[in-house]
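The values are calculated or read from the model by the stated rules, or taken from the named source; none is laboratory data. Please read these numbers as outputs of a predicted model, since none were measured by experiment. FYI the Cβ positions are ideal-geometry reconstructions off the backbone, even for glycines, and counts take in every protein chain you see. Quick note on the areas: whole protein, heavy atoms, side chains included, nothing else; ligands and nucleic acids left out. Shrake-Rupley method; radii C 1.70, N 1.55, O 1.52, S 1.80 Å.
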Amino acid sequence: MSAEDRRRMIVQAVLPLVIEHGAAVTTAQIARAAGIGEGTIFRAFTDKDELIDACIAEALKPDTALAAIAEIPLDQPLRDRLTEAAEAMSAHLERMGALMAALHSSGRLKRGEHKKGARMDSFTAVREAIADLFTPGDGLRLPADKLAGIFQSLLLARRRDGQGSLTPDELIDVFLHGAVTA
């Protein structure tokens, strides 16, 4: 196994532990989760902080969400396309949020300390993928990139609300049809 493959394997195995324990995760737990000896951790990473940084970078990567959005068939109704995109984006946001919350609560990160550039790159990539879900036949009022930004903002606001006041279906209904019934 190459050094880079070993690093990737360790990060994939350890990410759920970091989400659960934050920076308090032990090297013994890391080794058990990855099925390696503790010494192997330090051959792949200089220290636990570097491993946690790699976990943060992995959680911020939108690859899984982008792949799910790319697989959405454009021949299905717009509502269905947006529902699938909302599910993919919500799963990505959950993973990012859970990791950041665990690291904040364990004292590893202070608010705003994590790399905002990587997070913004992630949001940009997801927004561009969502924009690709809109087709000329959808009868759009605004350009697809603006609509994707609005849709993404609504999903983010719903997550920040914390109360889940809107279901994804309600959010999509308001996005597609507005706030008034007339």
What angle do you read, to the nearest 10 degrees and between 0 and 90, between the alpha-carbon axis of helix 78-105 and the longest principal axis of the chain?
30
Longest the chain segment clear of GluC sites (Glu not before Pro) sitting in DSSP loops (not H, G, I, E or B) with at most 14 other Cβ atoms within 10 Å runs 1-70
On the accessible surface of the chain, probed at 1.4 Å, how many percent belong to carbon and sulfur atoms?
53
The chain -> Rg/Rh from Cα coords, Kirkwood Rh, value 1.06
Under 5 Å between amide hydrogens, which residues at least 5 positions from R108 or on another chain qualify, with H placed 1.01 Å from N in the peptide plane?
A23
For the stretch 25-107, count the residues as N, evaluate 2.2 N^0.38 Å, and divide the Cα radius of gyration by that value, please.
1.46
Rounding to the nearest 10 and keeping the result within 0 to 90°, find how far the Cα-based axis of helix 168-177 lies from the longest principal axis of the chain.
40
Which trypsin sites (Lys or Arg not before Pro) in the stretch 8-111 pass both tests, a DSSP loop state and at most 15 other beta-carbon atoms within 10 Å?
K110, R111
Whole-Hz Karplus ³J(HN,Hα) for the stretch 32-39, in order, using 6.51 cos²θ - 1.76 cosθ + 1.60 and θ = phi - 60°, x for Gly and Pro?
4, 4, 8, x, 9, x, 4, x
Taking placed amide H atoms and a strict 5 Å upper bound, the residues 5 or more places from I72 or on another chain that come that close are none
Using Cα pairs under 8 angstrom and six or more residues apart, how large is the relative contact order of the stretch 1-76, in percent?
31
So how much accessible area does T64 have, in Å² to the nearest 10, using a 1.4 Å probe?
110
